[in-house]
Amino acid sequence: MSCQNDIDDYQVAKSELDIRLEELLLDKSEGQGINFFILPESNDYASIPQDPLNPITREKVELGRLLLHETASGGNPKMDVMAGTYACASCHPVASSFYSGRRQGIGESGSGFGAAGESRVFDLTMPLDSIDLQPIRVPTLLNVAYQDVALWNGMLGGSGTNAGTQSQWNDIPENHLGFQGLEIQGMVGQDTHRLQIDENFADTYGYKELFDRAFSNTQSFERYSRKTAALALAAFNRTLLSNRAPWQDYLKGDYAALSEREKRGAILFTGKAECMKCHTGPALKDQDFHAFGFGHFDDSNDAVVLDDANFDNVKKGRGGFTNNPADDYKFKTPTLYNLRDANFYGHGGTFNSIEEVIRYKLSNQLQDNNVPSSQIADEKGAIVLTEEEIQDLIFFVENSLYDSYLTRYVPETVLSGNCFPNADVQSKIDLGCE
């Protein structure tokens with residue numbers, strides 16, 4: 001009898017807002033119930049989406065966690081003086097929720113960090129072509145398990161979403177290995193970002209034992225390699241889940257996790273504002289590509305596009321990869337978690353607040369007027385919200401979807417003993433490594 005009373009009390013604790021929100025969530029859950037929106041625990045490997053060719057193990061995660069932050073991995077710079085000063089985490093620091101702390105991420109030949117990566121600048125003593133600059137905004141690593149292709153245009157990945165795109169893989173031979181996007185990104189990224197993880201690295205910095213544990217079934221001559229490093233990085237990155245955000249607590253039954261204002265915003269997000277047409281599932285993102293006419297990087301506002309960036313293709317998004325005009329100007333749906341730390345929004349970083357993005361999507365204006373109206377997503381400018389509703393929606397996205405405990409994913413030290421996520425002179429000062 002007491003158990004039944006507990007259940008009844010729990011049910012009574014639900015307000016009218018909770019009941020309405022539950023109805024909307026069930027309607028949007030594709031028949032799977034509330035669990036459809038719940039992120040697994042980061043150590044519940046069996047429940048995390050993963051590449052069947054790269055099953056997640058504790059040993060891979062342990063290795064990948066260190067490799068992501070290990071500045072000694074920056075071993076293939078264009079300028080020798082920059083060796084050992086950068087890592088994957090240079091552009092994905094936890095201090096900015098694994099987004100880049102500035103509009104355009106800088107790997108090699110960057111200087112400084114600030115508090116959250118916002119003060120990293122070009123080292124002006126280096127030639128411009130020695131600076132590791134990408135012509136598009138660095139996305140977060142949070143919730144990347146919920147995608148089977150990588151990059152804004154989805155070009156990395158040899159299965160699933162990219163089935164049928166093999167004719168476009170001439171410049172991406174790694175796709176032919178059949179791995180999903182995160183694993184391929186781990187391989188390609190080491191070359192693109194001038195990292196060098198091999199047997200010499202493993203031996204010099206004490207990583208051999210970790211590679212041995214993680215890849216005991218791999219032949220010793222292949223065990224300490226770009227490929228195994230990529231598999232470890234991908235396994236770790238899949239565990240980077242924003243599963244302690246208030247929204248996640250609410251979905252698990254803690255109705256006090258959200259304020260009434262947040263619940264009103266969640267009802268708008270799930271219902272009238274139609275955000276869940278694209279931002280759905282546990283990571284609040286589908287695996288599709290959409291055109292909203294966002295702007296791109298240019299040679300201003302602290303962004304530099306190098307001459308060899310093939311920028312016309314970059315601006316076409318998915319179409320720049322597939323060469324299918326129907327895909328032009330479409331970009332992959334991003335997760336909405338921890339946007340508060342992103343500071344710049346859109347693939348070109350052309351927005352400076354969540355409010356700017358929401359108001360833009362409600363409007364009929366385009367930042368890139370070259371995008372044909374036929375390409376623009378139906379959702380653009382289709383919804384009318386009151387000012388109060390807009391503010392409630394912003395409040396939900398900024399606060400309910402914010403996991404404030406991401407430092408749980410970061411090691412206290414790396415095996416080299418280097419400063420991280422950067423180890424250049426100014427970063428060491430900023431990070432208190434000196």
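A quick yes/no check of all residues on (1) at pLDDT 95 or above; (2) out of contact with any Lys or Arg (no Cβ under 8 Å at 6 or more places or on another chain):
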position: Ser300; (1), (2): no, yes
position: Asn323; (1), (2): yes, yes
position: Thr335; (1), (2): yes, no
position: Ile376; (1), (2): yes, yes
position: Thr386; (1), (2): yes, yes
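In a residue-by-residue description of region 175-189, the property of being open to solvent by less than 30 Å² (accessible area, probe 1.4 Å), at pLDDT 95 or above and in contact with a Lys or Arg (Cβ under 8 Å, 6 or more places away or on another chain) applies to at least one position.
Residue-level analysis places Ser119 among those that are more than 26 Å from Gly186 (Cβ to Cβ) and of a type in the set (S, T, N, Q). Taking region 150-228 and the helices (runs of 4 or more DSSP H) fully enclosed by it, the elements with 2 or more residues that are over 23 Å from the mean Cα position of the chain (by Cα) are at 199-204, 208-214, 220-223.
The set of residues in region 72-81 being out of contact with any Cys (no Cβ under 9 Å at 6 or more places or on another chain) and crowded, with 24+ Cβ neighbours inside 10 Å consists of Ala72, Gly74. For Glu70, the requirement of being in contact with a Phe, Trp or Tyr (Cβ under 9 Å, 6 or more places away or on another chain), of a type in the set (D, E, K, R) and at pLDDT 95 or above is met.
Scanning region 264-288 for residues that are over 24 Å from Glu387 (Cβ atoms) and surrounded by fewer than 23 Cβ atoms within 10 Å (Cβ to Cβ) gives Thr280, Gly281, Lys285, Asp286, Gln287, Asp288. Looking across region 311-325, the residues that are touching a residue at least 12 places away in the same chain (Cβ under 8 Å) and either open to solvent by 40 Å² or more (accessible area, probe 1.4 Å) or basic (Lys, Arg) (or both) come down to Phe311, Lys315, Lys316, Arg318, Asn323.
Please enumerate the residues belonging to region 1-29 that are in a loop (DSSP other than H, G, I, E, B) and modelled with pLDDT of 95 or more.
Within region 1-29, Ser15, Lys28, Ser29 meet the criteria.
Just one of the listed residues (Tyr402, Tyr345, Tyr360, Tyr329) is closer than 26 Å to Gln147 by Cβ, touching a Phe, Trp or Tyr at 6+ places or on another chain (Cβ under 6 Å), of a type in the set (Ser, Thr, Tyr) and surrounded by 16 or more Cβ atoms within 10 Å (Cβ to Cβ), namely Tyr345.
The values are calculated or read from the model by the stated rules, or taken from the named source; none is laboratory data. Keep in mind that this is a model prediction, so the values were computed, not measured. We place every Cβ from the backbone using ideal geometry, glycine too, and count neighbours over all the protein chains shown. Heavy atoms of the whole protein, side chains included, go into the accessibility calculation; ligands, DNA and RNA do not. Shrake-Rupley method; radii C 1.70, N 1.55, O 1.52, S 1.80 Å.
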